[in-house]
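**Q** Following this message is one structure expressed as structure tokens.
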Amino acid sequence: MKIPIKYIARNFKNRKLTTGITVTGIALVVFVFTAVLMMADGVKQTLKSTGLDDNVLIARKASNGEISSIIDGETVNVISSLPLIARTEDGRPIVSPEPVGVINLYKSPEVMSNIALRGVSPEIFKLRPQIKIVEGRMLNMGAREIIAGASVSKQFQGAKIGDKVKFAGDYWPVVGIFDAGGSGFDSELWGDAKQLLDAYNRGTSVSTMTVKLEDKSKYEEFKSKFTSDRRLQYFEPKVESKYFEEQSEAMAMFISMLGTFVTVIFSLGATIGALITMYASVANRTTEIGTLRALGFKRSHVLSAFMIESLLMALVAGSAGIILASGLQFFSISTLNFQTFSQLEFRFSLSADIVIISIIFSLAMGFLGGFLPSIRAARLKIVDALRNA
């Protein structure tokens with residue numbers, strides 16, 4: 001026969017203080033662990049949402065980001081003439097050769113940070129229809145004007161409509177604010193590509209080039225035609241969303257590794273707390289254990305009962321930690337994008353996978369904290385246990 005669940009539940013009630021302290025400790029560790037996973041996933045989701053599946057981004061092979069890539073003007077013309085690229089009603093290819101750089105802006109009078117500066121083409125809203133001007137107006141192509149991402153405008157001084165940003169030896173007025181739906185573009189400034197190239201004396205060479213396909217299902221066909229052209233052998237096309245997702249991997253891995261290292265240290269303390277709680281439970285219930293054994297309950301039943309207690313305690317704590325961490329989804333934070341060396345704002349992201357991993361992590365702490373005390377309880381001899389009555 002098995003030990004009733006009521007008996008296990010009653011023991012939680014009888015040890016409110018010690019159980020509460022242990023549950024709180026595990027919950028805080030799970031909160032930190034979940035928050036780290038949410039940060040890493042938030043970076044991935046932000047950069048992945050930066051691109052669209054029907055856009056193809058072309059960069060130089062072996063470049064580790066847009067900043068380190070370069071495409072000359074002649075190659076831009078070759079790419080623009082490729083088949084399968086979507087076109088406007090008047091027959092112009094929907095493409096955007098984009099120079100990408102970094103400038104400095106102040107968050108406060110004492111704090112300066114890097115901001116990505118992107119040059120765009122007149123077809124930018126056909127290429128990226130998810131982006132909307134939410135305040136002011138679109139910049140005039142051919143003029144030295146810029147529009148700011150919602151995140152930049154919110155966090156940085158001098159990035160509001162009417163302000164002027166100084167770079168490349170000139171003052172560029174901010175004429176509009178755009179919303180990119182929480183993607184990486186929200187952390188950028190945009191200007192006319194030709195004006196930026198002229199300001200930085202870059203001739204016709206851009207960093208990357210983005211094209212819209214007639215149909216996203218034709219990507220492999222487009223890639224085949226691209227790679228078969230010997231003039232394009234030093235360049236590589238990728239689905240835009242995939243490109244930016246890959247850009248997030250290094251930063252997400254760094255956040256995960258650093259956070260996991262810190263969490264593991266904290267988890268040792270929480271596990272020790274669970275261990276002490278369960279050992280105290282065994283010591284306080286020696287007579288009860290002897291009675292249960294005398295009534296016919298097997299050692300395996302006693303072992304199971306104590307393990308269930310420990311795992312239930314960890315499950316409650318883990319659930320509390322996840323619920324607490326879920327509140328972080330309402331907050332945004334900024335970090336350094338390793339690929340562009342500029343600021344990137346992102347939101348914490350909670351997924352089903354993160355919930356499952358966090359629950360497993362909390363149960364692991366409960367198992368480690370309850371295993372040895374459970375073994376000790378199961379190995380108590382009936383006579384020795386009843387002798388303490």
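The values are calculated or read from the model by the stated rules, or taken from the named source; none is laboratory data. Everything quoted here is computed from the prediction, not taken from an experiment. Note: ideal-geometry Cβ built from the backbone for every residue, glycine included; neighbour counts use all protein chains shown. Surface accessibility is based on the protein's heavy atoms, side chains included, excluding ligands, DNA and RNA. Shrake-Rupley method; radii C 1.70, N 1.55, O 1.52, S 1.80 Å.
**Q** Give ILE375, ILE357, ILE382 a once-over and let me know the one that is open to solvent by 40 Å² or more (accessible area, probe 1.4 Å) and either modelled with pLDDT of 85 or more or among the acidic types (Asp, Glu) (or both).
**A** Numbers: ILE375 fails: either modelled with pLDDT of 85 or more or among the acidic types (Asp, Glu) (or both); ILE382 fails: either modelled with pLDDT of 85 or more or among the acidic types (Asp, Glu) (or both).
Every option except ILE357 fails the conditions.
**Q** If you take the residues in the range 333-354 that are at pLDDT below 80 and open to solvent by 50 Å² or more (accessible area, probe 1.4 Å), which one is farthest from SER256 (Cα to Cα)?
**A** The selected residue is PHE341.
**Q** On to the next question. List, please: which pairs have Cβ atoms under 6 Å, are six or more places apart or on different chains, and start with a residue in the range 311-334 that is farther than 30 Å from SER374 by Cβ and end with one that is open to solvent by 30 Å² or more (accessible area, probe 1.4 Å) and hydrophobic (A, V, I, L, M, F, W, C)?
**A** SER326/LEU350; GLN329/LEU350
**Q** For the range 34-48, state whether one or more residues are charged (D, E, K, R) and over 22 Å from the mean Cα position of the chain (by Cα).
**A** No.
**Q** Let me ask something else. Could you list all residues from the range 143-176 that are in contact with an Asp or Glu (Cβ under 9 Å, 6 or more places away or on another chain) and open to solvent by less than 10 Å² (accessible area, probe 1.4 Å)?
**A** Across the range 143-176, the qualifying residues are ILE146, ALA148, GLY149, SER151, VAL152, TRP172, VAL174, GLY176.
**Q** Is it true that some residue in the range 29-40 is open to solvent by 60 Å² or more (accessible area, probe 1.4 Å) and either of a type in the set (Lys, Arg) or over 27 Å from GLU188 (Cβ atoms) (or both)? Break it down stepwise before answering.
**A** Restricting attention to the range 29-40, the residues satisfying the condition of being open to solvent by 60 Å² or more (accessible area, probe 1.4 Å) are none.
For the range 29-40, residues open to solvent by 60 Å² or more (accessible area, probe 1.4 Å) and either of a type in the set (Lys, Arg) or over 27 Å from GLU188 (Cβ atoms) (or both): absent.
**Q** Moving to a separate point now. Sort out for me the helices (runs of 4 or more DSSP H) sitting completely within the range 214-328 that have 1 or more residues that are in contact with a Ser or Thr (Cβ under 9 Å, 6 or more places away or on another chain) and modelled with pLDDT of 75 or more.
**A** Per the criteria, 240-247, 249-284, 299-326.
**Q** Okay, moving on. Find the strands (runs of 3 or more DSSP E) located wholly in the range 49-160 whose residues include 3 or more that are of a type in the set (A, V, I, L, M), and list them. Step through it out loud before you land on a result.
**A** Working: elements: 55-60, 95-98, 100-106, 112-120, 132-136, 146-149.
Output list reads 55-60, 100-106, 112-120, 146-149.
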